[in-house]
Amino acid sequence: MSRRGVTLLELLVAITLLSLLTAGVLLAMRVGFNAMYLTNEKLFDARRVLGVQRILEQQIAGLIPVIADCAPALGMPPSRVPFFQGAPESMRFVSSYSLGEGARGYPRILEYQVIPREGQEGVRLVVNEHFYTGSRSAGLFCAGLAPDPASGVWLPRFHPIQVGPGSFVLADGLAYCRFFYRETLPPPVLERWMPVWPRAHWPTAVRIEMAPLEMQPSRPPLVSITAPIRVNRAPFESYAEY
């Protein structure tokens, strides 16, 4: 009587082949998941960079020409001045574009500030948003008027920008971040970029120069942006005054 079955050697060969096949499938799945993770990470970084640049461009382009009631001292009548602060590492103005509501919400008083990273090399760019409710709300950020040393024009002075838990980090891990302001001039010069805005009106454009602390070929870097400002006079005032 004959017996049918498999030998121990055949069983070992089958188990070995099945183990190799399973290991190959698992390895292929792991490689595929790693590639998908890296691809998603690159897409996320690219979207984050493009999102930051779009936010900056929209907020600057949405500048609202606001006149602030700037009080020179307690108890004295306020002076009505254009609300804009432009310094090399800080900027303050009113915009129709906010982080939470985009262009559909209420106007916000925006405060940009470049600060050092805590315990690390480099800097980061943060922004504060405050509700704008009128000339008096903008005037709360004004510390009085002072003559400009170069031109002698009386310009508003502003309180320092306070960075706290409510501040939003727009960009981190930067080697530097600097603001420049464009002044339109008559021919033949046409324009001039300045690190400080010493005028009693608004610039015609703002340029933000940024560079990452570490260049990574796999990640898109933050690049400098230039956003135009289509405001060249205060509300209810004639062009001749500018």
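No lab work stands behind these numbers, since they all come straight from the coordinates. A quick note: this is a predicted structure, and the numbers were derived from the prediction, not measured. Heads up, the Cβs are rebuilt from the backbone with ideal geometry, glycines too, and the neighbour counts pull from every protein chain shown.
Roughly what would the spin-label model give for residue 214 and residue 143, points 7 Å off Cα along C-beta, in nm?
For residue 214 paired with residue 143, the spin-label model returns 3.7 nm.
Sort region 104-196 into rounded, prolate or oblate with this rule: let a ≥ b ≥ c be the square roots of the eigenvalues of the Cα gyration tensor; rounded if a/c is under 1.5, and if a/c is not under 1.5, prolate when a/b is larger than b/c, oblate otherwise. All intermediate terms of the calculation are to be shown ahead of the outcome.
Details: a/c = 1.79, a/b = 1.22, b/c = 1.46.
Oblate, because a/c is 1.5 or more while a/b does not exceed b/c.
Once you place label points 7 Å from the Cα toward the Cβ at residue 154 and residue 7, how far apart are they in nm?
With each label point 7 Å from Cα toward Cβ, the separation is 10.9 nm.
How do the peptides 116-124, 176-184, 58-66 rank, highest first, by the average count of neighbouring beta carbon atoms within 10 Å per residue? Working shown, then result.
Details: 116-124: 12.7, 176-184: 18.0, 58-66: 20.3.
Those peptides, ordered most packed to least, come out 58-66, 176-184, 116-124.
Between residue 183 and residue 20, how many nm apart are label points set 7 Å from Cα along the C-beta direction?
Computed distance between label sites residue 183 and residue 20 equals 7.9 nm.
Rounded to the nearest 0.05, what FRET efficiency do residue 135 and residue 54 have when you use their Cβ-Cβ distance and R0 = 41 Å?
Working: r = 30 Å, r/R0 = 0.73.
With a Förster radius of 41 Å, E is 0.85.
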